[in-house]
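**Q** Attaching a single structure in structure tokens format; questions to follow.
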Amino acid sequence: MTRLFRWALRVVPNDWRDAVARDLLEETDGRTTTRADLWRAAQAIRIAIGLRFDRRRRFVQRVTPRAWTFSGLGADIRDAVRTGRRQLASTIAIVATLAVGIGATTAIYCVFDALLFRPTPGAADPSTLISVEFGAPGVRAYGTRRAFPSLRAAGEPLGLQFLGDAVDVGSVAMRAPVTGDSELATCAFVSSQYFTALGLRPIAGRLLTDAEADAGADLAVISESLWNAHFGRRDDVVGQTIVVNGHTLNVVGVIGGFDGSMLPGNNAPVDVWAPMGRQDLLMASMSDRDIVGDLTGRVRAGTSLPQLQDALQAAYRNFGRTLPPRDAAFMPYVHQSSELLLSRSRSAIGVYRLMMGGVLILLLLSCANAANLLLARTLAGRRDVAVRLALGASRWRIARRHLVQSAAIVAVSTASGVGLAMLLTAAVRGLRVVSYLPEIRVLTVNGRVLLSCTCVAAAVVVLFGVLPAIVAARTNVHGVLARVSRAVSAPHRIRESLVIGQIALALLLVAGAGVLNRSLQKELSADLGLDLDHVLQLTLRPDDLGYSSGRSAKVVQDTVQALQQEGLSSVASSYPVPLWGSGADLRIQTRSMSQPEKHTLATSSVSPDFFRVLGIPIVAGRALSASEFGESPSIDPMPVVVSESFVRAFLQGAPPVGQQFFIERSRGMAMMPSTALVVGVAADVRASARGRILPTVYHSRIPDVRYGAILIRPDRMNAALLSEIRGAVQRVDPALPITALTTLRSTELDDLAQDRVLARLSALLALCALLLAMSGVAAVVAQVVAERTRDFGIRSALGASARDLGRLVLTGVGVRLLAGVIVGAAIYAYASRWLVHRIYGVTALDTTSMVLTLMALTAAGLAASWLPARRAARIDPVVALRAE
Amino acid sequence: MTLDSSRLGEVEQLVLLAVYRLHGEAYAVPIRSLIAEAGISLTRGSIYITLDRLEQKRLVSSAFTEPTGRPGGKARRVFEIRPAGIAALRSARRALDRLAIGTPLERKP
């Protein structure tokens, strides 16, 4: 029979195929000419079309709607439960496989849900929440709180119900009520109408009233986590006191479920909500407390936001006649609240997309694995199906029976997957790196997530459940009952395709994980130009206690001296902190410039030991001396150390040491020009592996200390060291809390939080994918060995050794692995473009990662097939032939 | 509309009669030849469709013979009329005879 005739016969229904082939061959006397073959193929196609159309018509005519849909469904469900119990091991394997895929997908969808659909957790009706941003087109700036009454009056006729403000000032010193120790807390100051705009409800006591917020009563609302940690969640929390930056506030209520994630730049949950009118007392360091950034408001449903915006801008323009021209230039712009929060989270959306892509691949892999396991079960039961068909069961009924079994398995897997998702989200919630993704603090499996889970489950049924149903319905009754081997050739091809697909999908995840982890390794090992591992960073904020900048600077210097007296010889200070990473546009004028030019520079105020403590070499000249440190800012020229990149950019043509240049310095809001004298050149440093090297100027004029740190290089790191440091700080000022005490390495790790999350999650997905692929290969190889028992028995009887049989099995595994690797490599070569922007120091086709991927897949495939190969090698020919 | 197994179409009657006459050797090729000898040409597809319908109506039954001895040989599907099929043929014949009474086509006893 030629290939053309064979292809034509594929269209003929299974139960007529052999008979039609026989009859057409008989009619043409078995002639093998091209003409005869063409004629046979044409006739076969005509017969097939006629049979299929007629059967379809009869099928529609024959059955009644009731019988077609529901008759016997109860029996199918009972049968599915019985089958599941009878084949418990394979059912558990299939359920576990699907639960992993569904659970991972649901967990990641929880993250999407929190980010995209619940950007204001705890707030009522997010659809009518608005944000009012001050700025100019393309520029975010600030406005003034004094304009509130005008803005509210102008907006009210157009639908504005409430408009308020909250300012997140970051860390404050809070004295713990029970222990009396100073510790850090995050504080936000709220204006009138802020809580009302959000529609918040307290879980204990009450919230601040509008009058209390504006007038500045000594009251506070605390968070649920603070209530749990310091008040034992006691009901008598109302009326208790907390001390913030040395001032006593009475607790009036507790907020739950709302953590202030709407506040711009907020990276930590808010612990204390205090009245805006108390900000001047509690935060002496803040220079201009009338400034507002983003306002929060609520409008009536149906309000036109463009019209509201026009009205607010007109009102602000009128009010702005009393403001300085620069401040009056910034107008209020109205946005839907959710849009604003989404734009802030855009940097994290790339991470979510990659994570979602990874778990969808894992879901496909688990579906393919489950389909293979279910297919194996279907093939094992094909004799039963053939008997049912022979006894008169319709093929639709057979298919429906298998679909119901698949749906029952998916239902159990979905329930297990949701449970797994809840465990996974609970684990993710506790991770430190999650603080860079503010909305993920509130992760719940809600109705929307369950609906998406149901859609995933339905897709899974289609992806993996329909295949066994089709295979069962197409059972060749005669072939199976007469034990004709070709009766199962089509399912075997499906099985092989599925296992090759699993290997290809596993390659995608393993290769991606390899590249991401290698990239992270390159970032972590990159030389930033300073010592990250042996330097502690001690952050103090004396200005939070209301100290003036002069007193704050003295506190810091006294702390440095106290630490040196503790025996820590290597102590320095730096403002801003190392690894700050950002520069400023400053005007400079060197000898080669005819007039001042604006360039992006980094400037740091550092103590004399700074370079020694951080291990930054001085390549020319010297470091700043102790006598130069703390000089009055009015003394010119200002001695500076510049970086090598500064020399390359601005001081070419002559030795840099001894050169002078003009530089515009910033101190508070005033820009003070200085003449700088270069006394030394330091090696370049950068804030991160991906960060660019900025030309840097190191000087010794102490600015505001708020963003600085004390740097310590201890001789030894132990618990006693921490006590010594705390003791030194306490001796200088008992009320001063330690904002942070970390190594520079942990600061760098915090900056790499997204990359670390991706690397860890990708490794976890890759491990799951490898295990799933292994189980898929093991199942297929075991099936093949079982089906070929007679073949192996004959080979063994004819003299094949155990090693030969084992090699035969492993060769088959090798062929499948090779096919899967080729398919997977082709897909990866296309898909790797989505990794390019997330990696550093390696390419998406990194050789080491690809080699490790191949080794991992090969090892997994061999490990999976070891047991079946061993079983094949030990087949007793007598037993095998007798069993047939 | 459901399939009424007792009512036979014209082609179904022809094929059923052919199966009855071929007794044990009825498969598509000789059935078509026999009907052609009676002066009616049917397409191969209509033969297979009709046999499929008749089997679904349980008027005929089929069985597969053993595959031929030569390599690649296929099993033959042969049909046998069932008692219900014979009854359906008789019923169809009686209906025709009753309708023909009083016409030149009436069969004389």
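The values are calculated or read from the model by the stated rules, or taken from the named source; none is laboratory data. Keep in mind it's a predicted model, so treat the numbers as computed, not measured. Every residue, glycine among them, receives a Cβ derived from its backbone with ideal geometry; neighbour counts consider all protein chains shown. These area figures cover heavy atoms from the full protein model, side chains too; ligands, DNA and RNA do not enter into them. Shrake-Rupley method; radii C 1.70, N 1.55, O 1.52, S 1.80 Å.
**Q** Chains B and A: what accessible area do they bury, summed, in square angstrom to the nearest 100, with a 1.4 Å probe? Don't skip to the end; give the middle numbers.
**A** Working: alone 7860 and 40540 Å², together 45840 Å².
The B and A chains share an interface burying roughly 2600 Å².
**Q** Using all alpha carbons of the stretch A:582-631, what is the percent of pairwise distances in each 10 Å bin, ordered from the shortest bin to the longest?
**A** Pair shares across the bins are 21, 34, 40, 6.
**Q** Given H placed on each backbone N at 1.01 Å, which residues far from A:Thr144 in sequence or on other chains put an amide H within less than 5 Å of it?
**A** So A:Thr144 has HN proximity to A:Val292.
**Q** What do you reckon, how do A:Ser592, A:Ser625, A:Ser849 stack up by accessible area (1.4 Å probe), largest on top? Could the numbers behind the result be given before it?
**A** Working: A:Ser592 95, A:Ser625 35, A:Ser849 0 Å².
From most exposed to least exposed: A:Ser592, A:Ser625, A:Ser849.
**Q** Further, regarding this structure: Based on alpha-carbon positions alone, could you give the equivalent ellipsoid semi-axes of the stretch A:694-802 from the gyration tensor, as √(5λ), descending, whole Å? Kindly include the intermediate steps, with their values, before the conclusion.
**A** Working: eigenvalues 882, 66, 35 Å².
In descending order, the three semi-axes are 66, 18, 13 Å.
**Q** While we're here: Sorting check: for A:447-454, A:708-715, A:556-563, which peptide has the highest mean count of neighbouring beta carbons within 10 Å, and how do the rest follow? Don't skip to the answer; put the middle values down first.
**A** Numbers: A:447-454: 15.0, A:708-715: 22.0, A:556-563: 19.6.
By packing density, highest mean first, the sequence is A:708-715, A:556-563, A:447-454.
**Q** Karplus couplings for the stretch A:501-515 from phi (6.51 cos²θ - 1.76 cosθ + 1.60, θ = phi - 60°), rounded to Hz, Gly and Pro as x?
**A** x, 5, 5, 5, 5, 5, 4, 4, 6, 5, 5, x, 5, x, 5
**Q** Count charges around A:Ala93 for me, please; just the other residues with Cβ under 15 Å from its Cβ, Lys/Arg as +1, Asp/Glu as -1.
**A** Values: positive: A:Arg85, A:Arg86, A:Arg377; negative: none.
Counting the neighbours of A:Ala93, the net charge comes to +3.
**Q** Ignoring ligands, DNA and RNA, what percent of the accessible area of the stretch B:11-50 is carbon or sulfur (1.4 Å)?
**A** Looking at the stretch B:11-50 in its full context, I get 55 percent from C and S.
**Q** Which peptide among A:527-537, A:402-412, A:492-502 comes first, and what is the full order, when sorted by highest mean count of other Cβ atoms within 10 Å? The partial results should precede the final answer.
**A** Values: A:527-537: 17.3, A:402-412: 21.9, A:492-502: 20.1.
Taking the mean over residues of other Cβ atoms within 10 Å, the ranking is A:402-412, A:492-502, A:527-537.
**Q** Pop out the Kirkwood hydrodynamic radius of the stretch A:189-233 from its pairwise C-alpha distances, inverse of mean 1/r, in Å to one decimal.
**A** The Cα-based Kirkwood calculation yields 11.4 Å.
**Q** If you roll a 1.4 angstrom probe over the protein chains with everything in place, what fraction of the accessible area of the stretch A:519-574 belongs to carbon and sulfur, to the nearest %?
**A** On the way: 920 of 2080 Å².
C and S atoms contribute 44 percent here.
**Q** Continuing with the same structure: Per-residue Cβ counts within 10 Å, from other chains only, averaged over B:42-51: what number is that? Could you put the intermediate results ahead of the total?
**A** Details: counts 0, 4, 9, 11, 3, 3, 12, 8, 1, 3.
Across B:42-51, the average partner-chain Cβ count within 10 Å equals 5.
**Q** Here is a follow-up. Output wanted: per-residue J couplings in Hz (rounded whole) for the stretch A:863-870, from phi through Karplus 6.51 cos²θ - 1.76 cosθ + 1.60, θ = phi - 60°, x for Gly and Pro.
**A** 4, 5, 9, 5, 5, x, 5, 5
**Q** If N is the number of residues in the stretch A:713-777, what value comes out of its Cα radius of gyration divided by 2.2 N^0.38 Å?
**A** After normalising by residue count via 2.2 N^0.38 Å, the value is 1.97.
**Q** Which ³J(HN,Hα) values, rounded to whole Hz and listed in residue order, are derived for the stretch B:33-47 from phi using the Karplus coefficients 6.51, -1.76 and 1.60 in 6.51 cos²θ - 1.76 cosθ + 1.60 with θ = phi - 60°, glycine and proline given as x?
**A** Once rounded to whole Hz, the list reads 5, 5, 5, 5, 5, 7, x, 10, 9, 10, 6, 4, x, 5, 5.
**Q** Count charges around A:Leu520 for me, please; just the other residues with Cβ under 15 Å from its Cβ, Lys/Arg as +1, Asp/Glu as -1.
**A** Values: positive: A:Arg518, A:Lys522, A:Arg690, A:Arg745, A:Arg756, A:Arg760, A:Arg838; negative: A:Glu523, A:Glu748, A:Asp750, A:Asp751, A:Asp755, A:Asp846.
Every neighbour counted, the sum reads +1.
**Q** Continuing with this model, one more query. Provide a whole-number value for the mean count of partner chain Cβ atoms within 10 Å of the Cβ atoms in peptide B:22-34.
**A** Values: counts 0, 0, 0, 0, 0, 4, 9, 5, 2, 1, 2, 1, 0.
For this peptide, the per-residue mean of nearby foreign Cβ atoms is 2.
**Q** If you take the Cα atoms of the stretch A:800-871, find Rg, then find the Kirkwood Rh from the mean of 1/r over all pairs, what is Rg/Rh? Intermediate values should be presented prior to the final figure.
**A** On the way: Rg = 16.2 Å, Rh = 14.1 Å.
Ratio of gyration radius to Kirkwood radius: 1.15.
**Q** I've got another one for you. What distance in nm lies between label points placed 7 Å from Cα along the C-beta direction at A:Ala390 and B:His23?
**A** 2.8
**Q** Using per-residue counts of other Cβ atoms within 10 Å, averaged over each peptide, order A:371-384, A:802-815 from highest down. Please report the intermediate quantities before stating the final value.
**A** Numbers: A:371-384: 20.4, A:802-815: 16.7.
Per-residue mean Cβ counts within 10 Å order the peptides as A:371-384, A:802-815.
**Q** Going by amide H atoms built from the backbone, whose H comes under 5 Å of the H on B:Val60, apart from near neighbours?
**A** Close amide H contacts, sequence-distant or interchain: B:Glu55, B:Arg82.
**Q** If you take the C-alpha gyration tensor of the protein assembly as shown, multiply each eigenvalue by 5 and take the square root, what semi-axes do you get, largest first, in whole Å? Present the calculation step by step, with values, prior to reporting the outcome.
**A** Numbers: eigenvalues 1283, 260, 138 Å².
For the protein assembly as shown, the semi-axes come out at 80, 36, 26 Å.
**Q** If you don't mind, another one. Relative to the present Cα-Cα distance, how much length would full extension add between A:Arg874 and A:Met593 at 0.36 nm per residue of separation? Don't skip to the answer; put the middle values down first.
**A** Numbers: separation 281, 0.36 × 281 = 101.16 nm, distance 8.66 nm.
Separation in residues times 0.36 nm, less the Cα-Cα distance, equals 92.5 nm.
**Q** Whole number please: convex hull volume per residue, Cα atoms of the stretch A:499-643, in Å³. Can you show the working numbers first?
**A** Working: hull volume 34.1 nm³, N = 145.
That works out to 235 Å³ per residue.
**Q** Here's something else I'd like to know. Using the heavy atoms of the protein chains and a 1.4 angstrom probe, tell me the accessible area per residue for the protein assembly as shown in square angstrom.
**A** Working: 45840 Å² over 993 residues.
In whole numbers, the protein assembly as shown has 46 Å² accessible per residue.
**Q** Cα to Cα, under 15 Å, and not fewer than 8 places away if on the same chain: which aspartates and glutamates meet these conditions relative to A:Lys554?
**A** A:Asp543, A:Asp544, A:Glu631, A:Asp704, A:Asp733
**Q** Right, here's the next one. Give me the tail of P(r) for chain B as a percent: Cα-Cα pairs with distance above 17 Å.
**A** Details: 3385 of 5886 pairs.
The answer is 58 percent, as a whole percent.
**Q** For the stretch A:1-60, evaluate the Debye formula with one uniform point scatterer on each Cα (no solvent term) and list log10 I(q)/I(0) at q = 0.14, 0.16, 0.22, 0.28 Å⁻¹, rounded to two decimals.
**A** -0.36, -0.46, -0.79, -1.15
**Q** Same structure, new question: With every protein chain left in place and a probe of 1.4 Å, what is the accessible surface of A:Lys554, to the nearest 10 Å²?
**A** Spelled out: A:Lys554, probe radius 1.4 Å, area about 120 Å².
**Q** Report the calculated FRET efficiency for A:Trp834 and A:Asp750 (r = Cβ-Cβ distance, R0 = 35 Å), to the nearest 0.05.
**A** The value I calculate is 0.85.
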